[in-house]
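A.B. asks: Supplied in structure tokens, the structure appears directly below.
The values are calculated or read from the model by the stated rules, or taken from the named source; none is laboratory data. Since the structure is predicted, the reported quantities are computational estimates derived from the model, not experimental observations. Ideal geometry is used to build each Cβ from the backbone, glycine not excepted, and the neighbour counts take in all protein chains shown. For accessibility, only protein heavy atoms count, side chains too; no ligands or nucleic acids. Shrake-Rupley method; radii C 1.70, N 1.55, O 1.52, S 1.80 Å.
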Amino acid sequence: MLSLCNRARVRKSVLSILMLVVLLASFMTGSAPAAHALEAQAVKQWTFMVYLAADNNLEAAAVADFLEMASAGSNSNVNIVVQFDRIPGYDTRYGDWKTTKRFYVTHGMTPTPASALADMGELNMGSQTTLLNFVTWAKSHYPANKYALILWDHGGGFQPTSEGVTASDDGDMHTQGVSWDDTNGGDYISNKELSTVLASVTSNGAHKMELVAFDACLMAMLEVDQHIKNYANARASSETTEPNAGWPYNTILADLKVHPTWNGISLANDIATRYYASFGNNQTQSSVQFGTAYNTMLTRLNAFANVLRTNMATERTRIAAARTATQHFAYQDNIDLADFAQQVANRQPATAVGNAVKAAALNLHNAIVGVVKNNKHGASWPRAHGTAIFFPRTEAIWGAWAASYQTNQWLARDTTWNDFLNAYFSTNMTITLTWNQYPYDLDGHLWLPAAHPFHVHWNNKGSLSAFPYTLQDVDDTSSYGPENISIKTFYPGTYLYAVYNWSGNSYGTLGASGATVRVYRNGALVRTFTVASASGTPTDPWWRVFTYSGSTITPINTLTTDAGALYDDSPSAPRGATK
């Protein structure tokens, strides 16, 4: 029989002090102290934390998974800690409670109110604060050498719901994360919010989680991995949708109890194997190890994206054919990255360019195979390699989601994959603006020739499918770019590009911003401008960067009080106006 958790009691005098500490901690987290919380906790090998977000139509599956966890139960090496939120209307078992409760899961436990450590009231499980409080509480009350955090619920990775859906103003759509809470407005934890929580609970990665994993759909994406790689040693998740039953926690936790010396990737490997077997050797599940090899894979992704951009004129048709042939999943806009690299390599001719593209593609493919330590996939996904990536099917989808993707996904911040997508879907010129921390908000502005007047900026973004055939796809107000303006079709005459310091000089000048403008033609970098090399007064609000006419880029590279456009020569709104 599996042993129960053994926790030694402390002497009365020490207990009084501990009770006071716990009461204060409980007050800070809004919970009531429970008997378990007042016992001294030995440092165990593992604390397995499950964020069981079932305030939605998965409530019955959550109850079943809780019972699976309890069939294993905690022991002297493994703590199993659960925060469980339920909802009215789907499952009435075990008291049919509707709030959020915390449990220390022991062998044979059922999820009744009497079994709970604390009733937290109704919490929004889609809030990063709720997740932060849970992980902080679990680590402080159930210390261990190794921690696993499992996010349980619906998941979306980064996935548009359908063609024509437009991202919200803040780019925070609920197809870009995990843990939806139906009774709190459908709120969810975005990839960006998850990284914020993980940074906090790991002291910015100084004390990494052994495993961050997702019992949820579509989370085995490079976009998700990039948000957790600095804060965990491994991850486990699925490239496609998961059946409601999800993971078999009974076998996974039984294995962990037998092998408490496992590290994060060993547990992730076991999750993939047990999950796959539980569905008759079907479905997809993979484990990834973060670290040096993973970072090398990112370097190879950049090399692959860059060689495609540099040779876009000759590669576009081959890329399109490879994209169509690549393994996709429940939604066709996320594809298997290793398979895409292989499909590109398969289509290269024996030329200098073809050989260079093929080499970069195979280097990436092999690097992915190296960091995916256990990849399981059923017959429906024969070329799934364990890591998907967002590559929209059409220009219209990219146009609708480019701003959200490039603002909120760290993969776009840390790699050139988004630059590849911009080059692939924009056949002529892309102008990319980045800067340092201060000033907070710089804006790119483009004026079309006077015969076709149009001023492209944050409040007048344009379009690639109709006049002006120019689009600003990102207005970044909270980080440091990139902001991109893409031109698909040129009109005769002179274009002017300039940068405006929206923030003013309170936190730094435009001249000291570190701003850089990169100009790409057909995906190839053709010019780079830096504000540090510009003439003029650093405190001036405008940086006139260059003009473009015909096929000629003419540098201006001057800081000035005025953009110098032939029309609409004012900032896009008065300083102090609300964006």
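A.B. asks: By the scheme Lys and Arg +1, Asp and Glu -1, what is the net charge of all other residues having a beta-carbon under 13 Å from that of Tyr249?
C.D. replies: Combined, the nearby Lys, Arg, Asp and Glu give -3.
A.B. asks: So, one more: For Phe290, what residues show an amide H to amide H distance below 5 Å, using hydrogens built from the backbone and excluding near sequence neighbours?
C.D. replies: Ala234, Arg235
A.B. asks: Continuing with this model, one more query. Count charges around Thr47 for me, please; just the other residues with Cβ under 11 Å from its Cβ, Lys/Arg as +1, Asp/Glu as -1.
C.D. replies: Overall, the nearby charge balance is +2.
A.B. asks: Right, another one. With unit charges on the beta carbon (Lys/Arg positive, Asp/Glu negative), name the residue among Gly378, Thr430, Phe390 whose Cα is farthest towards the positive pole of the charge dipole of region 370-524.
C.D. replies: Gly378
A.B. asks: Shifting gears a bit: Carbon and sulfur: what percent of the chain's accessible surface (1.4 Å probe)?
C.D. replies: The value for the chain is 53 percent carbon and sulfur by accessible area.
A.B. asks: Between beta-carbons, use under 10 Å as the cut-off and find the net charge around Phe290, counting Lys and Arg +1, Asp and Glu -1.
C.D. replies: Once all neighbours under 10 Å are counted, the net charge is +2.
A.B. asks: In addition: Per residue of region 119-131, in order, report the coupling 6.51 cos²θ - 1.76 cosθ + 1.60 (Karplus, θ = phi - 60°) as ³J(HN,Hα) in whole Hz, putting x for Gly and Pro.
C.D. replies: 9, 8, x, 7, 10, 8, 6, x, 9, 5, 5, 4, 5
A.B. asks: Once the Cα gyration tensor of the chain is found, what semi-axes does its equivalent ellipsoid get, as square roots of 5 times the eigenvalues, in whole Å, sorted largest first?
C.D. replies: 48, 28, 20
A.B. asks: Rounded to whole Hz and in sequence order, give me ³J(HN,Hα) for region 107-115 from the Karplus expression 6.51 cos²θ - 1.76 cosθ + 1.60, θ = phi - 60°, writing x for Gly and Pro.
C.D. replies: Couplings: 4, x, 5, 10, x, 8, x, 5, 7 Hz.
A.B. asks: For labels at Arg393 and His452 in the simple 7 Å Cα→Cβ model, what's the distance in nm?
C.D. replies: 3.0
A.B. asks: Determine the gain in length on full extension of the stretch Ser140-Ala42; use 0.36 nm per residue of separation and subtract their C-alpha separation, reporting nm with one decimal.
C.D. replies: Stretched out fully, the Ser140 to Ala42 stretch lengthens by 34.1 nm.
A.B. asks: Under the rule of at least 5 residues apart or a separate chain, name every residue whose amide H is placed under 5 Å from the amide H of Lys146.
C.D. replies: It is Trp46, Thr47, by chain and number.
A.B. asks: Could you give me the ³J(HN,Hα) list for region 376-387, computed from phi with Karplus coefficients 6.51, -1.76, 1.60 and θ = phi - 60°, whole Hz, x at Gly and Pro?
C.D. replies: 10, 8, x, 5, 6, 10, x, 10, 7, 10, x, 9
A.B. asks: Would you grab the residues whose amide H sits under 5 Å from the one on Thr100? Only those 5+ places off in sequence or on another chain, please, with H modelled 1.01 Å from N.
C.D. replies: Result for Thr100 returns Met120, Gly121, Glu122, Leu123.
A.B. asks: Excluding residues fewer than 8 places away in the same chain, name every one of the lysines whose C-alpha is closer than 22 Å to that of Lys101.
C.D. replies: Lys139
A.B. asks: Now a separate question. Before I look further, what does region 342-436 give for accessible area per residue, probe 1.4 Å, in whole square angstrom?
C.D. replies: With all protein chains present, region 342-436 gives 32 Å² per residue.
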